[in-house]
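As structure tokens, the structure follows; a few thoughts come after it.
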Amino acid sequence: MRHSFIRRRRFWALRDVSFDLYRGDSLGVIGKNGVGKSTLLRLLAGVMSPDHGEITNYGVTVALLSLNLGFVPYLSGRENIILSGMFQGIPKKELRQRMDAIIQFAELEEFIDEPVATYSSGMTARLGFSIALNTQPDVLLVDEILGVGDADFQEKSKAIMKDRIRSQDTTIVFVSHNANLIRELCNRAVWIEDRVVQIEGDTNAVLDAYTRFLKTGEKIVAAQS
């Protein structure tokens, strides 16, 4: 067989996604697996670049919390704290000053000098969450990570996020399959389906439309705020 070619169909991870994100917002992102929710967070974090369009960042610091991204496995937890913080533009001296608080919140005192490759998924999640909270980024992107770890740590993390939301110190974009958690934490929501935004606006309106879709299969377009 000579000169055989396979024509590959163009694949879009996301299409025609557009919304504004303001200081103090807590935006919930909901949708089924594979619709582009994690891709959206990676675009917002600058880990990926869009093929078309643009993402405008007015000089804010962004931290992405995801189980699949962020740590160098052969480095220790302590070394990863320094590395992650420096990626956010925080000086090493300042990170060392915050080190004890980060380790204590993550509850990893006995394991902080072990390679992250030896950590469980819950330990990794605790470390990532603690770094993000204690380095205080302007925008915190959370990818399904609040469901990892024991119940006590989940409640502690949720309480801290609520404090940040109330104080409007941190803008939060929160991906989750847990509609109740999005209702509890987010003042706005966006539903992504077939890799496009179906509805963006009031949290209750978006989640009610998404719930109807899961029951009936009907894509109901709600009024946007």
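The values are calculated or read from the model by the stated rules, or taken from the named source; none is laboratory data. From a predicted model like this one, the values you see are computed outputs, not experimental measurements. Positions of Cβ are backbone-derived with ideal geometry, glycine not excepted, and every protein chain shown enters the neighbour counts.
Ser130 satisfies every condition listed in (1) assigned by TED's automatic domain parsing to the domain that holds Leu41; (2) within 17 Å of the chain's Cα centre (by Cα) except (1).
Once the range 61-77 is narrowed to residues that are surrounded by fewer than 15 Cβ atoms within 10 Å (Cβ to Cβ) and at pLDDT 80 or above, the residue that is farthest from Glu114 (Cα to Cα) is Val72.
Restricting attention to the range 157-179 and to residues that are touching a residue at least 24 places away in the same chain (Cβ under 8 Å) and assigned to a helix (DSSP H, G or I), the residue that is nearest to Leu40 (Cα to Cα) turns out to be Ala179.
Checking each residue in the range 80-126 for being of a type in the set (Ser, Thr, Tyr) and within 25 Å of Gly59 (Cα to Cα) picks out only Ser84.
So is Phe5 among the aromatic types (Phe, Trp, Tyr) and at pLDDT 70 or above or not? Judged against the criteria, Phe5 is not a match.
Scanning the range 136-172 for residues being surrounded by 14 or more Cβ atoms within 10 Å (Cβ to Cβ), out of contact with any Gly (no Cβ under 8 Å at 6 or more places or on another chain) and of a type in the set (A, V, I, L, M) gives a total of 8.
Checking every residue in the range 141-150 against the condition of being in a helix (DSSP H, G or I), more than 14 Å from the chain's Cα centre (by Cα) and not hydrophobic (A, V, I, L, M, F, W, C) gives zero matches. Annotation for the range 144-151: at least one member residue is under 21 Å from Gly46 (Cα atoms) and in contact (Cβ under 8 Å) with a residue 40 or more places away in the chain.
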